[in-house]
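Structure first, then comments.
The values are calculated or read from the model by the stated rules, or taken from the named source; none is laboratory data. Just so it is clear, the model here is predicted, and its values are computed rather than measured. All Cβ positions, even for glycine, are placed from backbone atoms using ideal geometry, and neighbour counts span all protein chains on display.
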Amino acid sequence: MTEFERRPTARKVGQVKEVTSLSNPIIKDIKGLMNKKDREESGTFMAEGLKLVIDAIELGWEIRTLVYAKAAKGKPLVEQVAAKTVARGGLVLEVSEKVLSSVTRRDNPQMVVGIFEQRWQRLDGLALAADQTFVALDRVRDPGNLGTIIRTADAAGASGVVLVGDCTDPFSIETVRATMGSVFAVPLYRASVSEFLAWSRASGGQVVATHLAGAVDYRTINYKAKPTILLMGNEQSGLPDELARAADRLARIPQQGRADSLNLAIASAVMLFEARRHLLSLEAK
């Protein structure tokens, strides 16, 4: 029995529970997922949109609760998702648009919301294959940046995102929105600095870090020589010396104009697609 199923205050309609009150304890629990502490305690998070919910279920993510607006009742895809949720032991709630707006904190919310179990992969013992690229982020703070990087890693065919140190939560509603569903497709890992360094040394890969003091043009690096771990620094302070010293190559992205740096998500995209370009040229041979 899930945390939300233990709440008996919703009115059941068939296999669906109808909720109309903002003070309903189940709704209060769901709204609590806006807070990191509540997400960590429950091990769950919120994702908005019918397509995202369908994709997540198809990818094998565990759904705890499905919430949909009354206006979506009877729509075939919504009914199918509801049936799958019930079959997997989840709870289905039919709510008013007012309740859904309160849950998502949006004036015009998506008609469907899913509550899923968080999923973290194990980093220790993970060896890299020849064609793999990972992106490691040191203390990334901005949810929009993290979400965009996860989405870009998905688009570039990266094998995972490693969060190093005290990073923003990838399962916050802001980050999940920014991923546009890629949070369900890209494996996520987390590690302390010491854990990351131990893994990167044992992984069989090369660590390519972007750094203002980087001496190597990112376009001249051989990303085909070994599987690659792209290491990106914090938005404000960049990479600390400990991580910079551990990199096999310190790369720079040449720039023109008056800008002296790129946004973290943009810099990560540049590096990811350059690594991808090299791997595609290898596959073409």
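What the table below lists for this structure:
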{"read-out": "Within the stretch 222-237, considering residues that are without any contact (Cβ under 8 Å) to a residue 60 or more places away in the chain and touching a helix residue (DSSP H, G or I) at 6+ places or on another chain (Cβ under 8 Å), the one surrounded by the fewest Cβ atoms within 10 Å (Cβ to Cβ)", "value": "Asn222"}
{"read-out": "Filter result for Ser268 (surrounded by 19 or more Cβ atoms within 10 Å (Cβ to Cβ), polar (S, T, N, Q) and either part of a helix (DSSP H, G or I) or free of Cβ contacts under 8 Å to residues at least 40 places away in the same chain (or both))", "value": "yes"}
{"read-out": "Leading residue by the ranking (nearest to Asp138 (Cα to Cα)) among those in the stretch 229-265 that are in a strand (DSSP E or B) and in contact with a Gly (Cβ under 6 Å, 6 or more places away or on another chain)", "value": "Ile229"}
{"read-out": "Contacts under 7 angstrom Cβ, first residue in the stretch 241-261 being in the same structural domain as Ala202 (by TED's automatic domain parsing), partner assigned to a loop (DSSP other than H, G, I, E, B) and surrounded by fewer than 10 Cβ atoms within 10 Å (Cβ to Cβ), 6 or more apart", "value": "Leu250/Ala213; Leu250/Ala215"}
{"read-out": "Residue count, the stretch 98-118 (criterion: surrounded by fewer than 19 Cβ atoms within 10 Å (Cβ to Cβ) and at pLDDT 95 or above)", "value": "2"}
{"read-out": "Failed item in (1) β-branched (Val, Ile, Thr); (2) over 29 Å from Val113 (Cα atoms); (3) part of a loop (DSSP other than H, G, I, E, B), with Thr168 passing the rest", "value": "(2)"}
{"read-out": "Output for the stretch 151-202, where each listed residue is among the β-branched types (Val, Ile, Thr) and either within 27 Å of Ala246 (Cβ to Cβ) or in contact (Cβ under 8 Å) with a residue 60 or more places away in the chain (or both)", "value": "Thr152, Val161, Val162, Val164, Thr168, Ile173, Thr175, Val176, Val183, Val186, Val193"}
{"read-out": "Filter result for the condition that a residue is touching a helix residue (DSSP H, G or I) at 6+ places or on another chain (Cβ under 7 Å), modelled with pLDDT of 95 or more and crowded, with 16+ Cβ neighbours inside 10 Å, over Arg190, Arg151, Arg139", "value": "Arg151"}
{"read-out": "Residue match in the stretch 213-228 (condition: more than 14 Å from Ala136 (Cα to Cα), part of a helix (DSSP H, G or I) and touching a Lys or Arg at 6+ places or on another chain (Cβ under 8 Å))", "value": "yes"}
{"read-out": "Odd one out for Arg177 among (1) in contact with a strand residue (DSSP E or B) (Cβ under 9 Å, 6 or more places away or on another chain); (2) not in a helix (DSSP H, G or I)", "value": "(2)"}
{"read-out": "Any hit, the stretch 119-132, residues being surrounded by fewer than 20 Cβ atoms within 10 Å (Cβ to Cβ), charged (D, E, K, R) and modelled with pLDDT of 95 or more", "value": "yes"}
